[in-house]
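Below is one structure, written out as structure tokens; the observations come after it.
What follows is calculated from the coordinates using simple rules that are stated; it is not laboratory data. No experiment lies behind these values; they were computed from the predicted model shown. Every residue, glycine as well, gets a Cβ built from its backbone with ideal geometry; the counts of neighbours run over all protein chains shown.
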Amino acid sequence: MPTANLQTPEELIQVALAKLNSLATLPEVTTKIIQTVEDPKSSAAQLHKIVSYDPALVTRILKVVNSAFYGLPGQIASVERAIVLLGLNAVKNIAVAASLGQMFRGVKLCDGYTARDLWTHCIGVAVTARELARQSRVPLTEEAFLAGMIHDIGILVSLQTWPERLRAVCEQAKNATEPFTQIEQQMVGVDHEALGAALCERWQFPKSCQWVAGSHHRPSTGGEGSRTLVGLVYIADTLCCETKIGFSLTARHQVLPPDIAQTYGLDPLAIEKTRSTLPTLMSNAASFLG
């Protein structure tokens, strides 16, 4: 059933962003963390000072740092030490995960899926993209994690703005042969890629994240400087939907061409290695799920 809405996708994006409440802005401390880490002149001391103002965030960071995900020897008792060991980007990702995780409430997307399942999927894509980068020795591990984590944020925008339309999209996608984004365009008027890119721009996320959010189902159209990153998330998204990690309708028809690893400069063996370790990756990432 095509949507009767005659507004253009661009107009619908503006409508969605205007309607947003809790998604309209990230917590102030998270915004400051992103700005600090993205500034090449910033230091670990500056990041530590910002994080220290939020005791709950300090607790969350230490919980994740000491989890199986990072596998660090011994217990890390201070954020300052965590920043030294993991680097600014990793601590930024933990802070962003702590903020975003609170936004994915248990609201129903459709029968069989809640917003929490969407968060599980986003974390799954994040850890899978990170592992693909690590296996391929591509120096984008933390960038891949952040990009994977926010790739489907546009679905959350749609959920808050047009929940009934999104529910209809999801129900149709369960048995449809056409791509999820095509169904969205027909029934909502705009897809989650366009909505996600717009929200990432508003949140002042790195340009590479905006490209991933806006083209993760069409990696060949991503920004030239972010080509490998978009490819990593496309592959990770496909693997996670294949294995039904969380909300798995968006990429259920995506396939991985035999030469996709070479296309994005990855190790050809990395995909199968990562696919075989997905259960362990998700188990180790439990601390990100809250």
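List, in order, the whole-Hz ³J(HN,Hα) value for each residue of the range 253-259 obtained from phi through the Karplus relation with A = 6.51, B = -1.76, C = 1.60 and θ = phi - 60°; use x for Gly and Pro.
Karplus values, whole Hz, x for Gly and Pro: 9, 6, 10, 9, x, x, 9.
Looking only at Ile260, Ile245, Ile94, which one moves most when the chain is put into a Gaussian network model with springs between Cα atoms under 10 Å?
Checking each option, the largest mean-square fluctuation is seen for Ile260.
Can you tell which of Ile94, Val64, Val51 lies farthest toward the positive end of the dipole of the range 25-102, using +1 and -1 charges on the Cβ of basic and acidic side chains (Lys, Arg; Asp, Glu)?
It is Val64.
From zero outward in steps of 5 Å, how is the percent of C-alpha pairs of the range 25-102 spread across the bins?
3, 16, 32, 26, 16, 6, 1, 0
So which residue, out of Leu266, Leu156, Leu85, gets the largest mean-square fluctuation from a GNM of the chain using Cα contacts under 10 Å as springs?
Leu85
Given R₀ = 45 Å, what would the calculated FRET efficiency be for Thr243 paired with Glu80, taking r from the Cβ atoms and rounding to 0.05?
Calculated value: 0.75.
Looking at the range 87-139, which trypsin sites (Lys or Arg not before Pro) are in a loop (DSSP not H, G, I, E or B) and have at most 11 other Cβ atoms within 10 Å?
Within the range 87-139, the qualifying trypsin sites (Lys or Arg not before Pro) (loop, at most 11 other Cβ atoms within 10 Å) are Arg137.
Pick from Cys170, Cys122, Cys209: which residue has the top mean-square fluctuation in a GNM of the chain where Cα pairs under 10 Å get a spring?
Of Cys170, Cys122, Cys209, the most mobile in the Gaussian network model is Cys170.
Net charge within 14 Å of Gly112 by Cβ-Cβ distance, Lys/Arg positive one each and Asp/Glu negative one each, not counting Gly112 itself?
+3
Any of Lys108/Lys174; Lys63/Lys244; Lys63/Lys108; Lys207/Lys273 with alpha carbons more than 22 Å apart? Name them for me.
With Cα atoms farther than 22 Å apart: Lys63/Lys244; Lys63/Lys108; Lys207/Lys273.
DSSP loop trypsin sites (Lys or Arg not before Pro) in the range 226-290 with at most 14 other Cβ atoms within 10 Å of their Cβ, which ones?
Here the sparse-neighbourhood loop sites are Lys244.
From the convex hull of the Cα coordinates of the chain, what is the mean projected area in square nanometres?
For the Cα atoms of the chain, the hull's average projected area reads 14.5 nm².
Let me spell out the model: positive unit charges on the Cβ of Lys and Arg, negative unit charges on the Cβ of Asp and Glu, origin at the Cα centre of the chain. What dipole size does that give, in debye rounded to 20?
The dipole of the chain has a size of about 720 debye.
Under 15 Å from the Cβ of Leu266, count the other residues' Cβ atoms, weight Lys and Arg +1, Asp and Glu -1, and hand me the total.
Residues near Leu266 contribute 0 overall.
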